[in-house]
Amino acid sequence: MDTLPKTFELLFARDTITFRGCLALLPATRQSDLPVHQYLTKREVQLMNTYMSANRQFTYVAGRLCAKAALRQYVGQPYGYQDFFIDKGVFDHPLVVHNTSTSNLQVSISHCASIVGAMAYSEHHPVGLDIECLNPHINQFKEEIITIAERRLIDALSGNSTRYYTSLWAAKEALSKILRTGLMTPFSLLEVSQLILKPWGVEFSFENFPQYKSLVFSTEHCLFAIALPRKTTLVGEAKLAALLRDYYLKTTVCQLISDVSA
């Protein structure tokens, strides 16, 4: 299995200008031989060691690796992993500290049980990323996270309600990241006003934040949500969907081989 993240270039088109984004993904499989000191700064290693859980340490390291890989792809060579320090704000949102010539860089980091990811972007064009595994238990607590209006939207659809409810959750969490509030914002404030089924997943619009939308790309058991300004077009949506499906499939196969070999 790859030690370093896989990166994907994204283009966000507006009326008169196109912005770049870089997505980096890494399988969420514990890798004890990961050379942490080669990729993290001393301060990041100190922060990693404040976490008592081995699983939390891994997601911290994997998230930082993805963030740095995405940033390196965004700014280009010759910058290395340690040229970037991923700090955190008072709401635990990631903050990029770096010594490159490119200004106003930020990242959005997410993970689920299968995949860790990060999106690098310019603050001129904000982006939020969320990655979720399909949650078969979401129907048991949907009343806590879904409004009556949202339930009506989903009940009107045919198909797998678990996938739709998990997609809606991912869409909201991606929006909370673009707002930099995280899950401290009441989910009712992030209410979805409209959803449009796409060949690759679902596009969501929001009641109280009409300037944004979330695109949720669906694979067999994993969802990738990207929140972005409503009037922005993500260039090559179908191509990105195919790349994400292919990456998820390869990750699943590698995990099965790893489990058999263990």
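The values are calculated or read from the model by the stated rules, or taken from the named source; none is laboratory data. Everything numeric here is computed off the predicted structure, so don't read it as measured data. So basically every Cβ, Gly included, is an ideal-geometry build from the backbone, and we count neighbours across all protein chains shown.
When the residues of region 227-240 are filtered to those that are of a type in the set (Gly, Ala, Ser) and not in a strand (DSSP E or B), the one that is surrounded by the fewest Cβ atoms within 10 Å (Cβ to Cβ) is ALA238.
Figure legend. Inter-residue proximity from region 70-95: first residues under 17 Å from SER108 (Cβ atoms), second residues part of a loop (DSSP other than H, G, I, E, B), beta-carbon distance below 6 Å, spacing 6+ or different chains. Indicated pairs: ARG72/TYR79; VAL75/THR100; VAL75/THR102; PHE85/THR41; HIS93/ARG180; LEU95/GLY89. You will find that of GLU150, GLU144, the residue that is crowded, with 19+ Cβ neighbours inside 10 Å and more than 18 Å from the chain's Cα centre (by Cα) is GLU150 and no other.
In the set (1) aromatic (Phe, Trp, Tyr); (2) more than 28 Å from ARG245 (Cβ to Cβ); (3) in contact with a Phe, Trp or Tyr (Cβ under 6 Å, 6 or more places away or on another chain), the condition left unmet by PHE209 is number (3).
Of the residues making up region 34-48, those that are more than 17 Å from HIS98 (Cα to Cα) and touching a helix residue (DSSP H, G or I) at 6+ places or on another chain (Cβ under 8 Å) are LEU34, VAL36, HIS37, LEU47, MET48. Go through the residues of region 194-217 one by one and say whether even a single one is within 22 Å of SER122 (Cα to Cα) and either among the acidic types (Asp, Glu) or at pLDDT below 95 (or both). Scanning region 194-217 turns up no residue that is within 22 Å of SER122 (Cα to Cα) and either among the acidic types (Asp, Glu) or at pLDDT below 95 (or both).
Just one residue in the set LEU183, LEU175, LEU190 is at pLDDT 90 or above and under 15 Å from the mean Cα position of the chain (by Cα); that residue is LEU175.
Restricted to region 155-193, and to residues there that are small (Gly, Ala, Ser) and crowded, with 17+ Cβ neighbours inside 10 Å, the residue that is farthest from VAL235 (Cα to Cα) is SER176. Counting only residues that are crowded, with 16+ Cβ neighbours inside 10 Å, in a loop (DSSP other than H, G, I, E, B) and in contact with a Lys or Arg (Cβ under 7 Å, 6 or more places away or on another chain), region 194-226 holds 1 of them.
Taking the condition charged (D, E, K, R), closer than 30 Å to LEU71 by Cα and either outside any strand (DSSP E or B) or not assigned by TED's automatic domain parsing to the domain that holds ARG43 (or both), does ARG163 pass?
Details: charged (D, E, K, R): yes; closer than 30 Å to LEU71 by Cα: no; either outside any strand (DSSP E or B) or not assigned by TED's automatic domain parsing to the domain that holds ARG43 (or both): yes.
No, not satisfied.
A count restricted to region 164-215 and to residues that are over 11 Å from ALA227 (Cβ atoms) and in contact (Cβ under 8 Å) with a residue 60 or more places away in the chain stands at 4. When restricted to residues that are loosely packed, with under 15 Cβ neighbours inside 10 Å and more than 30 Å from LEU105 (Cβ to Cβ), region 115-141 contains 5.
Residue count for region 202-240 under the criterion of being at positive phi and within 15 Å of the chain's Cα centre (by Cα): the result is 0.
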